[in-house]
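Throughout, read-outs are computed from the coordinates displayed, never taken from laboratory work. Since this is a predicted model, take the numbers as computed values, not measurements. Using ideal geometry, Cβ is built from the backbone for each residue, glycine included, and neighbour counts are taken over all protein chains shown.
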Amino acid sequence: MSPDENALPRTEDEWRVRLTPEEFRVLREAGTERPFTGEYVDTKTAGVYHCRACGLELFSSDTKFDSHCGWPSFDDAIPGRVKEIQDHSLGMARTEIRCARCDSHLGHVFHGEGFTPKDTRHCVNSVSIRLEPNPG
Ligand SMILES: [Zn+2]
């Protein structure tokens, strides 16, 4: 019997085996990569960003914009794919965003900054997502 590659891990130890140390730190321990270091900060490629932990489609490149904050920023998520959780760590009231399927940490969401007409910024760690470019 070989393990089912598509089955989601059920324990943090199983996640630790599947992910790199940096992915595990961000996705499963709600870490944050250093600004301007992630591979997708300035990416303009058309495609869909998937959860790096479980593969769920989370963000379209159509919603990505230049926030100059140092992390990939999206003004919308694919409906139902991202859940929001109130986060009071670091003495700040912020809204954490997680993958709706595997509960992995993605980043935070901010409103009212005026970057785009939707007035929303999903601030996402590059290490939490993986871009699948559109074919052609
Ligand atoms: Zn996921």
Percent RCO, i.e. relative contact order, over the chain, from Cα pairs under 8 Å lying at least 6 residues apart: 27 percent
Length gained when the stretch Arg16-Phe36 is fully extended (0.36 nm per residue, less Cα-Cα span): 4.7 nm
Cα gyration tensor, the stretch 12-87 - rounded (a/c under 1.5), prolate or oblate: prolate
Proximal lysines relative to Lys83, as straight alpha-carbon distance under 24 Å, when same-chain residues fewer than 8 apart are discounted: Lys64, Lys118
Within straight-line cross-link reach of Lys44, aspartates and glutamates at Cα separation under 17 Å, skipping those fewer than 8 residues along the same chain: Asp62, Asp66, Asp75, Asp76, Glu132
Three-way shape call for the stretch 47-136 based on the alpha-carbon gyration tensor, with the a/c threshold at 1.5: oblate
His88-Glu57 pseudo-label distance in nm [points 7 Å out on the Cα-to-Cβ vector]: 3.8 nm
Environment charge of Arg130, counting only residues whose C-beta is closer than 13 Å and scoring Lys/Arg +1, Asp/Glu -1: -3
No Cys partner within the rule (Cβ under 4.7 Å), the chain: Cys69, Cys123
